[in-house]
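> Encoded as structure tokens, here's the structure I'll be asking about.
The values are calculated or read from the model by the stated rules, or taken from the named source; none is laboratory data. The structure displayed is predicted, hence computed values, not measured ones. Cβ placement follows ideal geometry from the backbone for every residue including glycine, while neighbour counts extend to all protein chains displayed. We work out accessible area using only protein heavy atoms, side chains counted, and drop any ligands, DNA or RNA first. Shrake-Rupley method; radii C 1.70, N 1.55, O 1.52, S 1.80 Å.
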Amino acid sequence: MIRDITLGQYYPGSSPVHRLDARTKIIATLLYIIELFIVNNFWGFLIAGAALFTVIAISRVPVKFIFRGLTAVFLIIAFTFVINLFMVDGRILWQWKIFKITYEGLMRALFMAVRLVLLIIGSSMMTLTTKPIELTDGLEKLLKPFSLIGLPSHEIALMMTIALRFIPTLMEETDKIIKAQQARGADFESGNIFQRAKSLIPILIPLFISSFRIAQDLALAMEARCYHGGAGRTRMNEIHFARGDAAAAILMIVFLAVIIASRFLPTIF
Amino acid sequence: MSIEVKDLRYVYNPGMPGETVALDGVSFEVRDGEILGVIGHTGSGKSTLLQHLNGLLKPASGDVYVDGQCITDGKAKLVEIRRKVGLVFQYPEYQLFEETVAKDVAFGPKNLGLSEEEIADRVKNAIELVGLDFEAIKDSSPFELSGGQKRRVAIAGVIAMHPSVLILDEPTAGLDPSAHADVLSMIRRIHESMGIIIIFVSHNMADIADMSDWVIVMDHGRIVLRGKPREVFSHGEMLSGMGLAVTPARAIMNRISAEIPDLKSDALTIDEAAAELREYINRTKNI
């Protein structure tokens, strides 16, 4: 059940995308998200979608695996679609009492849905092809310049590392507790919303207690190995930009130009 | 009362990069009032097997019959299966959540929809059966108890559902020697007074030899050995090849009979070993 959520998961591999420096991928993802908001017609999305699928093809992450992650956020996409569909004024296509669908609303709804799907797939490509530890290392390096104005870049990266590291642990823990309570006849699937919320108590309390225990153990283990914060800390594997990163940078600039140019193309519809 | 497993197969993450066959054609049967010990190194499929016995996991193929009723055909009611087959996980004390011990033990029976009096009755009996003082402990928070007490409260929570099969996954893991002995004698007491089937997993070979009527040995998702404890522990080399071992008493006796060839030994427990040695000494004293 919980294992089906692939959003934010890492898909092991050794493709050129996997081998890129984490910093390159973070910048590329940020840029891609910004570009999705620069796009103002469906031509732009067509280009952005094609680019994304090229990256997916190069990364050799199965498309099925990526879309499985999308099902988790399907509700959000559907919600945005419906809100946009009914809330925009314009040329009326269909009407029933106070509900009406306009041409402009339909276009806007489709536009937003495509943007969201590309946004989610685009950012999940980053996490799918980058080990969490590389990702946070990359983030720490990228944030380093901001430590001049007092941003605790190492601490932020460490918190992210710990959070990411313990997602699977807590999922496993949750799974175990759910099973233990099911074995005692607990029922999490029937009843109205209040009964269901109440039925979560036997899961949440043990889970809270477990997470405190895990946090305490972790803090002790870190102290026992003389952890004292970021100052003067070295790493075993330094990350370096390589030739692939240069190529990626050039592609990013070209792609940005193409996306800006796409704004001036005539609209399809 | 019986539990029968037929050709069970289970695969983790089918069709994904981490695909692993956890169970591969597992079959066995436990009859009325028997105790079955399960051994196998970490990752051999023991825990996966146990979770099939009360319907928490659904097999890829194969069937589980409890009392002749198939629980894997999708028709059986889950609450009914979980009433019949009680499963105590590893470190069950981590599942406690209520304010008081009595309330926590009542959680299972409540889910079965029993009457208030029936629940109160069962809670009292279950807490006493696990060897705790009901009056002294019923209103204390489960989080204030010692490790061994917590574990016994958690086991009481399952017993209070009056299962006909009780499954325990490493019930003595992480306990000190005295709590360890308490839990073992508690399992014996439950077995005697309720007359139910008990299936337990343990890494302690002495416990397995001591408690079980039958033993199955798992390796890579298959049952590789099964039989009476004496039979299973006679395959010492095979067991150590799988990262397991014979009982400590058996190991010592093997070592001694290697030095003294005319001391024939098949002892499993310390008591049996002591008897054999005493007999050998008496026999050779007069020569």
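> Within region A:195-215, take every residue that is farther than 19 Å from B:PRO92 by Cβ and within 11 Å of chain B (Cβ to nearest Cβ) and give me the one that is most open to solvent (accessible area, probe 1.4 Å).
A:LEU200
> Something else now. Among the residues of region B:94-105, count how many are within 21 Å of A:PHE188 (Cα to Cα), open to solvent by 10 Å² or more (accessible area, probe 1.4 Å) and more than 7 Å from every other protein chain (Cβ to nearest Cβ).
3
> Moving on. Restricting attention to region B:1-34, report how many residues are aliphatic (A, V, I, L, M), over 14 Å from B:VAL85 (Cα atoms) and in contact with a strand residue (DSSP E or B) (Cβ under 6 Å, 6 or more places away or on another chain).
So the count comes out to 6.
> Please note which strands (runs of 3 or more DSSP E) are completely contained in region B:170-241 and include at least 3 residues that are of a type outside the set (A, V, I, L, M).
So the answer is B:222-227.
> Give me the residue from region B:9-51 that is closer than 20 Å to B:GLY68 by Cα and within 12 Å of chain A (Cβ to nearest Cβ) and, out of that set, surrounded by the most Cβ atoms within 10 Å (Cβ to Cβ).
B:LEU50
> Also, I was wondering about something else. Can you name the condition, by its number, that A:GLY185 falls short on among (1) on the phi > 0 side of the Ramachandran plot; (2) away from chain B (no Cβ under 14 Å); (3) surrounded by 15 or more Cβ atoms within 10 Å (Cβ to Cβ)?
Only one criterion is unmet by A:GLY185, namely (2).
> Right, here's the next one. Of everything in region B:52-64, what is in contact (Cβ under 8 Å) with a residue 24 or more places away in the chain and either among the charged types (D, E, K, R) or buried (at least 16 other Cβ atoms within 10 Å of the Cβ) (or both)? Give them in sequence order.
Passing the criteria: B:HIS52, B:LEU53, B:ASN54, B:GLY55, B:LEU56, B:LEU57, B:PRO59, B:GLY62, B:ASP63, B:VAL64.
> Same structure, new question: Does region A:216-234 hold any residues that are under 30 Å from the mean Cα position of the chain (by Cα) and open to solvent by 100 Å² or more (accessible area, probe 1.4 Å), and which are they?
Listed by number, the residues that qualify are A:GLN216, A:ARG233, A:THR234.
> I'd like to check something: does region B:150-160 contain any residue that is more than 13 Å from every other protein chain (Cβ to nearest Cβ), in contact (Cβ under 8 Å) with a residue 12 or more places away in the chain and open to solvent by less than 10 Å² (accessible area, probe 1.4 Å)?
For region B:150-160, residues more than 13 Å from every other protein chain (Cβ to nearest Cβ), in contact (Cβ under 8 Å) with a residue 12 or more places away in the chain and open to solvent by less than 10 Å² (accessible area, probe 1.4 Å): absent.
> Residues being β-branched (Val, Ile, Thr), within 14 Å of chain B (Cβ to nearest Cβ) and within 17 Å of A:LEU30 (Cα to Cα): count how many of those fall in region A:124-181.
1
> Looking at B:ASP73, B:ASP121, B:ASP67, which is the one that is away from chain A (no Cβ under 11 Å) and at positive phi?
After ruling out the rest, the residue left standing is B:ASP67.
> Right, here's the next one. Have a look at B:LYS110, B:LYS138 and point out the one that is within 12 Å of chain A (Cβ to nearest Cβ) and open to solvent by 20 Å² or more (accessible area, probe 1.4 Å).
B:LYS110
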